[in-house]
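Novice: This is the structure I want to talk about, given as structure tokens.
The values are calculated or read from the model by the stated rules, or taken from the named source; none is laboratory data. This is a predicted model, so every value here is computed, not measured. Positions of Cβ are generated from backbone atoms using ideal geometry, with glycine treated the same way; all protein chains shown enter the neighbour counts. What goes into the accessible areas is simple: the full protein's heavy atoms, side chains included, and nothing from ligands, DNA or RNA. Shrake-Rupley method; radii C 1.70, N 1.55, O 1.52, S 1.80 Å.
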Amino acid sequence: MRRRSLLIAVPAGLVTLAACGDEGSDSGKASDTASPSDPASPSAAPSPKIVDGPLPAITAGTKFGEKPTVAKGSGEPSKDLAVKTVIAGGGRTVAENDYLVANYLGQIWSSAKVFDNSYDRKTPLLIQLSQGSIIDGWRYGLAGKKTGSRVEMAVPPTWGYGEQGNPQAGIKGTDTLVFVIDIEDTYNASSSAKGTDVAQDDADLPKVGTNTDGKAPSIEIPKTDAPTELVATYVIEGDGEELSADSTVLVQYKGVLWDTGKEFDSSYSRKALTSFSLQQVVKGWAQGLTGKKVGSRVLIVIPPELGYGDNPPQGSGIEKDSTLVFSVDILAAM
């Protein structure tokens, strides 16, 4: 089993995409590590005062993207949130509620004990910078930073894991935590696919708009019978990594019914991106997106047996035995 990050929270699956009663899924199994980023209740901590130190030295791995080695904290840490931009990036500015792609290392101030890092997993985190999803130290300390930046911070318990600490991670309720974070990318509700338009020359398939302005693309349903097999084709082909069957993805999407063209679900309408594991969604999504490249826009046409069949979600507007049509922008994956 892939080791789960201490920071990432379990993404909430969409009501209309969540797989129903799939015994083959392991999404409900307990994680093999703690998840302190998923607090039982939203934080009530006040906004911190942000100061520039003290912070321990980074003694090796000093370049962006390299696994850092960080010295033990010297003396007493600040009671405030200490944040320093070690390497200033020139990319997009991070805002609260954005999704970040970042590598990081976390250790305890007083002992220099590393309790988690993504560099060894060779997979950056995909996390939302929102209250209740990530510790407040990250939420306050990374907002306003730019992609391409390396940020070091020292997080007191108030904006970390509180008085309860995290015993599973070896973190006491009195521990100040030191993080080094490399911000690779950021995404929000205006994000779209990035790639090369692919010809849509099959008259028997829906045509999907190729706009990349963050607005929902159009989906035009042909006046033909719906296909009986799964269709998953590029509208825009990105150049990122190919998704695996157990990938967690960050997407923009829009879903309509083949019979009527009526929209039944859309991240664009909610003005909020969606993140989930391909093991948590209907088979048509899982099979259709596996092997597709990050950065792409994909047309997926899902026949009833790979969608909801005769048991659609209550209140979804989906009739029994409906063929579903989706436009999906694959923004990021882990």
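Novice: Go through region 214-292 and tell me which strands (runs of 3 or more DSSP E), entirely inside it, have 3 or more residues that are of a type outside the set (S, T, N, Q). Don't jump to the end; show me each part of the working.
Specialist: On the way: elements: 231-237, 248-257, 263-266, 274-277.
Those strands (runs of 3 or more DSSP E) span 231-237, 248-257, 263-266.
Novice: Please list, ordered by first then second residue, the pairs with beta carbon atoms under 7 Å, 6 or more apart or interchain, first in region 305-319 and under 16 Å from GLY288 (Cβ atoms), second open to solvent by 30 Å² or more (accessible area, probe 1.4 Å).
Specialist: LEU306/LEU230; LEU306/LYS283; LEU306/GLN287
Novice: Okay, next question. Could you check, for region 261-272, whether at least one of its residues is open to solvent by 20 Å² or more (accessible area, probe 1.4 Å), polar (S, T, N, Q) and within 22 Å of the chain's Cα centre (by Cα)?
Specialist: Looking for residues that are open to solvent by 20 Å² or more (accessible area, probe 1.4 Å), polar (S, T, N, Q) and within 22 Å of the chain's Cα centre (by Cα), one finds at least one in region 261-272, hence yes.
Novice: Further, regarding this structure: Can you tell me which condition ALA193 does not meet? The list is (1) open to solvent by 10 Å² or more (accessible area, probe 1.4 Å); (2) closer than 30 Å to ASP259 by Cα, and all the others hold.
Specialist: Unmet for ALA193, out of (1) open to solvent by 10 Å² or more (accessible area, probe 1.4 Å); (2) closer than 30 Å to ASP259 by Cα: (1).
Novice: So, one more: With the structure loaded, tell me whether ALA193 is under 27 Å from VAL101 (Cα atoms), modelled with pLDDT of 95 or more and under 20 Å from the mean Cα position of the chain (by Cα) or whether it fails that test. Steps first, please.
Specialist: Values: under 27 Å from VAL101 (Cα atoms): yes; modelled with pLDDT of 95 or more: yes; under 20 Å from the mean Cα position of the chain (by Cα): yes.
In short, yes.
Novice: Read through the list (1) farther than 16 Å from ASP329 by Cβ; (2) touching a Lys or Arg at 6+ places or on another chain (Cβ under 8 Å), then give the number of the only condition that ILE221 fails.
Specialist: (2)
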